[in-house]
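We did not get these values from a lab; they are worked out from the coordinates using the rules stated. Just so we're clear, the structure is a prediction, and the values are computed from it rather than from any experiment. Cβ atoms come from the backbone with ideal geometry, glycine included; neighbour counts cover every protein chain shown.
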Amino acid sequence: MEFFKIRRDIPFMRHALLFNAISALTFLAAVFFLFSRGLHFSIEFTGGTLIEMSYATAADTDRIRGVLQKAGFEDVTVQNFGSSRDVLIRLPVKRDQTSADLATSVLSLLKQDDPSAERRRTEFVGPQVGSELARDGLIALLVTAIGIVIYLALRFEWKFGVAAIIANLHDVVIILGFFALFQWEFSLPVLAAVLAVLGYSVNESVVIADRIRENFRRMRRASVTEVIDNAITRTISRTIITHGCTQAMVTSMLFFGGAALHYFALALTIGILFGIYSSVLVMAPLVRWLGVKREDLIRAPAKRKDEAVV
Amino acid sequence: MNRYPIWVYITVAVALALGLLYTLPNFYGETPAVQVSSARVTIKVDEATQAAIETELKRAEIPYTGVLLDATGVRVRFANVDLQGKGKDALSAALNPKAGDEQYTIALNLMANSPDWLRSLHALPMYLGLDLRGGVHFLYRVNLDEALVKRLDGLSGNIRAQFRDKSLRHNGISREGRTLVLRFRDAATRDKARALLGDGFPELVSEALDVEGESRLQARIRPEAEKQIQDDAIKQNISTFHNRVNELGVSEPVIQQQGADRILVQLPGVQDTARAKEILGRAATLEFRLVEAHAGGSDSRDFDPAKIEAAMKGTVPLGTELRFSRSDARRGDRGEPLLLSKQVILTGDRLTGASAGFDQNQRASVNIDLDAQGGRIMRDVTRDAVKRRMAVLLVEKGVPEVLTAPVIQSELGNRFQITGLFNPKEAADLSLLLRAGSLAAPMEIIEERTVGPSLGRDNIEKGFNSTLWGFVAISLFMIAYYMVFGVFSVLALSTNLLLLLAILSIMQATLTLPGIAAIALTLGMAIDANVLINERIREELREGASPQAAIAVGYERAFGTILDSNVTTLIAGIALLLIGSGPVRGFAVVHCLGILTSMFSAIVVSRAMVNLTFGRRRRLVGVPIGNTAWN
C-alpha cells in the first residue's frame, strides 16, 4: 500500500503568503475569543466544589437546580455529564463555609429528593490552590517553550528554534481559542494535553528541519525555496501517517474514554490537526523569512582562515 | 551489514523477559480482604489470633477463601466486596468488644492474587489511584506561623522560670509578633539576662535595645531553628495522621508531604468522607495550663470570685486570659468562667498515651501518660500546685476550648487520671483524640476529592478500552501499510507497552486515569519512530539502494531525527513534571518514561527483529515493506 506517490516537489513556498495569512487570521480569531469569552476554567483552577451524581433514571437537571436553589445555594450550575443519568453540580467558593458542610448538605438534599441518587465523586479545591495551578501552568508553558528554543538553536540554528516555537505556540493559542469559543471546560488534563501537543508538534518541525539541513548538503545548486519544498514533500507521507496513527489513538479515547477523558482527547485532536498545518505551512515559511542560508546549517570549511593569512 | 553482535540480542531478550516478569502481577487482579493487625504494642497477632478469626467467621457463617498470617497481621480473603464488609463487621464485633478501647485494627484491604514466587521476586502490581478504585483525597495546608508562635509562647514561660530560679528581676516578658520582648530595670540586669539566654536558649538570638529609658532585650528564633521547628511540626502532623488513619482502619493510605507546607492524605476505599475528615481534621492541640483564678468553690486554691467578676468586666490581669469551660447542657449554663495562665505547661506532643477507663469510684476517667520530660515538667509544676486547678484545653482551629479544669489532688508525674466531668462516651472520644496524638500546628483542608467505587470501575474500563482499540487500529494500519515491517513495528510497539508497564510496576507507581491516557498517547506518538524508519527505508529503495543497504541507511538516517524529536517531547514532559501535582504528575511520569522506552523498542528491538530475519541473507531480493515501485 502506498498513499503518497509524489514525484515532483510541491511548491509549498509559492503559497506561503496565503498560508501565513490564514494562520494569522485563525490566530487573531483565537486571541479574540480568548479575550472576549475567556476560558471556562474547571474548579481545579478557580476553586469551588464539584459533585457528580448518578441517578437510576434520566436526571432532571432543572428539578435538581430548583431543589438546590430553594435550599439557598446560589450560583449553582447543574448539567449532564457523559450520560443523561449522570449530573455534574458546581458550586463556587464561599468564604465562610467549609468544603465538608457544603458537599454533605448538597448530598443529603439530593438524596432526600431522589433516593436513587448515588454519589460518584466530590471535589473541593480551595481558591489558593487554584491560582497557584494557573501560575504553575503558565510557568510550565514558558519553560517548555524556552527549553525547546534552546535545544533547537543548539541542534540546528536559532532561526529554526524561533520559527518552530512561533508555529507551535500558535497551535497552543488556537487550541485555547477553541476552548474559549465553545466554552469547553479547561481542566488540568487539558493543560497536560496542551503541553503534550506542544512537544509533539515540535517533533514535526524537527523532522522537517532535519530534512532541510540534509537537503542543503545534498542539493548544492538548489535555491532555499527549492530545498524547503523538497524537504516538506519528502516528509509529507511520514507526517500524515504518524499523525493519523496518533489521531487513531486519540479518537479511540474520544469514543471509549468517557466524559473524564473527553476534553483531554478533544484538545489533542485540535492540536494534532493544527500541528500538521502549522509545522508544515507556518514553520517553514517563517524559517525562510528569517533568512535561513546554507551556511547557517553547514559549517563553513576552514579555508577562510588560510585566506586571511594570505 | 545488518547483523547485531550476539550481546545485543541477549540484551533485548533479557529486557523482554524482565518486562514480562514484572508486568505479569498486574494481570492477576486483586481480591477483597480484611486485615487484622495489632493496635497496641502489647498485643501480638499470632496463630491463636488466626484461629480465633477463623472460628468467628465460621460461627457467623461468612465464607472466606483464604487466610494468611504475616508480619503485618492476619489477612482474610473474601470472594466479593459484600462478604468482605460483613466479615469486617463480624470481626470488629468479636475482636474489639469495647468501643473506644480497640485492641486490633481491622481494615478493608485488597490483596494481590499473584502467586508467591512472583511476590518473592518483588514483582508486585501497580497501585491503583483513587480515581480508579474510589476513596477520599485531602490536601492540607499546615499553618507554620502558628507553630512558631506556639514555640515562642512556650519559650517565654521557660525563660520566666529560669529567671525566677536565678532570682533575676524583670519587668515583664511579652510576645510581639514573632519577637519576644524582655524588659529590665537597668542595663546590668539585662546583660546578665542576655548571658543567661545565650547559655540556656541556644535557639534564640537576642538584641539589646534602649527604648524610652527602659532596657530591653528583643529575642527571635534563629532562622535555622525556625526551619527546624517548622519541619518538626510537619513531621509531627504527618505521624499524627498516620496514627489517626490507623484508627480509621484504612490499609494502604498515602500520607506525604507536598511542597513546603502541605500534607496529602489519600484513603483508598473510604467512602464516609465526613467521618474521615472528622477524625483526621480535628486539628486538636492539647494544652495544659494552670488556673489563676476561679469562682468554682472554696475547696481549691485561687478561689477568687472578685477577680473573675473584674475579668468579666474587662480587667484581665497581665499574663492571664478569661476562658469559659465547655458549656454543659444539663446545667443549662454557658460554662464556668476561668482565669487561665497564658503559660502553657505542656502540649500534646509530650503525650505518649491516653485511654478511657474508670477510677476507683467507677466514674469515667481518662488516663494520661507523658514522656519523661513531660513527666518532669508536670512534677515540677504540680509540686507547688496541689489543690490548684489545672485546665485541659483542646485548641481547634486556633480556638481554645476548656475541656475540663480538675483540681490537682497530688503531685503528678508521668501517669495521671482526669476524672469528673466526663460521661463514658466523652471519655472515650477524648482519649481517642489524645491517643492519636495531637497536631503540632493547625491545618486546613485546601483540596478534597471523593471518588465512588462505581466511578473507579468505570474509569478502569474506559481507560483500558480506549488504549486497546487505539492500539488495534494502529496495528491493523501499520501491518496493512508496511507489511512485514509493519509487523515488526507493531511488535516493537508492544514491547514498548510491556517495558513501560514493567518499569511502572517496579517503581510501584500509582496508576491513575490520566496515567492510562498518557500510556495510550505515548503509544500513539511512539509509532512515529517506526514510521520514520519505514518511510526512510522505502525512500532508499526507491532511489535504487540494495535491500540490505536500504535497511541499514534507513535506520541510520532516521536515528538522528528520532533523537531530536524525542528530546523536544521530553522537554515538554519534564516541564509537566515540574509543575506536576496530582493527576498531571502521573501523566508526566508516564509520558517521560514512555519516550525513553520507545527509543529502545523502536530502534533497538525492531532492528534486532529485522536483523534476525533479513540480516543473514546474502541475496535479499526485495524488502517486504509494502509497495515502493511507483510505475
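Please find the FRET efficiency linking A:GLU295 to B:GLN257, where r is the Cβ-Cβ separation and R0 is fixed at 45 Å, and quote it to the nearest 0.05. Numbers along the way, then the final one.
Numbers: r = 54 Å, r/R0 = 1.19.
Efficiency, from the Cβ-Cβ distance: 0.25.
Step through the residues of the range B:153-168 one at a time and calculate ³J(HN,Hα) from phi using the Karplus curve (6.51 cos²θ - 1.76 cosθ + 1.60, θ = phi - 60°), rounding each to whole Hz and writing x for Gly and Pro.
Those phi angles translate into 4, x, 4, 4, x, 5, 5, 4, 4, 4, 4, 4, 4, 8, 6, 9 Hz.
Can you give the helix-only mean residue ellipticity at 222 nm for the protein assembly as shown, where every DSSP H stretch with n ≥ 4 adds -39500 (n - 2.57) and the sum goes over all residues, rounded to the nearest 500 deg cm²/dmol? Walk me through the numbers on the way to the answer.
Working: 29 runs with 507 residues, N = 941.
After summing the helix terms and dividing by the residues of the protein assembly as shown, the value is -18000 deg cm²/dmol.
Pull out the extension gain between B:GLU203 and B:TYR9, defined as 0.36 nm times the separation in residues minus the alpha carbon to alpha carbon distance; nm, one decimal. Spell out each step's value before the answer.
Working: separation 194, 0.36 × 194 = 69.84 nm, distance 6.20 nm.
Here the segment from B:GLU203 to B:TYR9 would lengthen by 63.6 nm.
Between A:SER108 and B:ASP153, how many nm apart are label points set 7 Å from Cα along the C-beta direction?
About 3.3 nm, to one decimal.
For B:ASN361 and B:ARG415, what does the FRET efficiency come to when R0 = 22 Å and r is the distance between their Cβ atoms, rounded to the nearest 0.05? Intermediate results must be reported in sequence, preceding the final value.
Numbers: r = 18 Å, r/R0 = 0.82.
Efficiency computed from Cβ-Cβ geometry: 0.75.
I'd like the Karplus ³J(HN,Hα) series for the range B:475-491: coefficients 6.51, -1.76, 1.60, θ = phi - 60°, whole numbers in Hz, and an x wherever there's a Gly or Pro.
4, 4, 5, 4, 5, 5, 7, 10, 6, 4, 5, x, 4, 4, 4, 5, 4
Residues of the range A:1-28 with the amide nitrogen closer than 18 Å to a label point 7 Å from the Cα of B:GLU543, along Cα-to-Cβ, please.
A:5-10
Would you mind ranking B:LYS227, B:LYS277 by Cβ crowding within 10 Å, fewest neighbours first?
Details: B:LYS227 12, B:LYS277 19.
Ascending Cβ contact count within 10 Å gives the list B:LYS227, B:LYS277.
Give me the dipole magnitude in Debye, nearest 20, for chain B about the Cα centre, with unit charges on the beta carbon: positive for Lys and Arg, negative for Asp and Glu. Spell out each step's value before the answer.
Details: 71 positive and 68 negative charges, 121 e Å.
I would put it at about 580 debye.
With each label point set 7 Å from Cα along the Cα-Cβ vector, what nm distance links B:LEU121 and A:ASN80?
4.9
Name the residues whose placed amide hydrogens come within less than 5 Å of the amide hydrogen of B:ALA293, ignoring near sequence neighbours (fewer than 5 apart) on the same chain.
Those lying under 5 Å, H to H, from B:ALA293 are B:LEU339.
For the range B:145-223, what is the relative contact order in percent, using Cα pairs closer than 8 Å and at least 6 residues apart in sequence? If you can, show how the numbers build up before the last one.
Values: 108 pairs, mean separation 20.7, N = 79.
Averaging sequence separation for qualifying contacts and normalising by length gives 26 percent for the range B:145-223.
May I ask you to derive the FRET efficiency for B:HIS242 and B:LEU318 from their Cβ-Cβ distance with R0 = 35 Å, giving the value to the nearest 0.05? Write out the running numbers ahead of the final one.
Values: r = 41 Å, r/R0 = 1.16.
Using R0 = 35 Å, I get an efficiency of 0.30.
Is there a quick way to get the dipole size of chain A? I mean about its Cα centre, with the Cβ of Lys and Arg at +1 and of Asp and Glu at -1; what is the value in debye to the nearest 20? Walk me through the intermediate numbers first.
Details: 34 positive and 29 negative charges, 352 e Å.
Dipole size: approximately 1700 debye.
If the only charges are +1 at each Lys and Arg Cβ and -1 at each Asp and Glu Cβ, what is the size of the charge dipole of the protein assembly as shown around the Cα centre, to the nearest 20 debye?
It works out to roughly 2400 debye.
Once you have the Cα-Cα distance between A:PHE182 and A:ILE6, take 0.36 nm times their residue separation minus that, and quote the gain in nm to one decimal.
Details: separation 176, 0.36 × 176 = 63.36 nm, distance 3.82 nm.
Going from the current span to full extension adds 59.5 nm.
Need the C-alpha centroid separation for the range B:514-548 versus the range A:48-84, integer Å.
Centre-to-centre distance over Cα atoms comes out at 47 Å.
Can you pick out the pairs among B:LYS150/B:LYS227; B:LYS44/B:LYS88; B:LYS192/B:LYS227; B:LYS58/B:LYS88; B:LYS235/B:LYS277 whose Cα atoms lie more than 22 Å from each other?
Values: B:LYS150/B:LYS227 14 Å; B:LYS44/B:LYS88 19 Å; B:LYS192/B:LYS227 28 Å; B:LYS58/B:LYS88 13 Å; B:LYS235/B:LYS277 19 Å.
Long pairs (Cα-Cα over 22 Å): B:LYS192/B:LYS227.
As a footprinting exposure proxy, order B:TRP117, A:TRP158 by other Cβ within 10 Å, with the fewest listed first.
On the way: B:TRP117 8, A:TRP158 14.
If I rank by nearby Cβ atoms, fewest first, I get B:TRP117, A:TRP158.
Would you mind ranking A:GLU118, B:GLU176 so that the residue whose beta carbon has the fewest other beta carbons within 10 Å leads the list?
Values: A:GLU118 18, B:GLU176 9.
Going from least to most buried by this count: B:GLU176, A:GLU118.
B:LYS425: which aspartates and glutamates have alpha carbons under 16 Å from its alpha carbon, excluding same-chain residues fewer than 8 sequence positions away?
B:ASP101, B:GLU102, B:ASP328, B:ASP359
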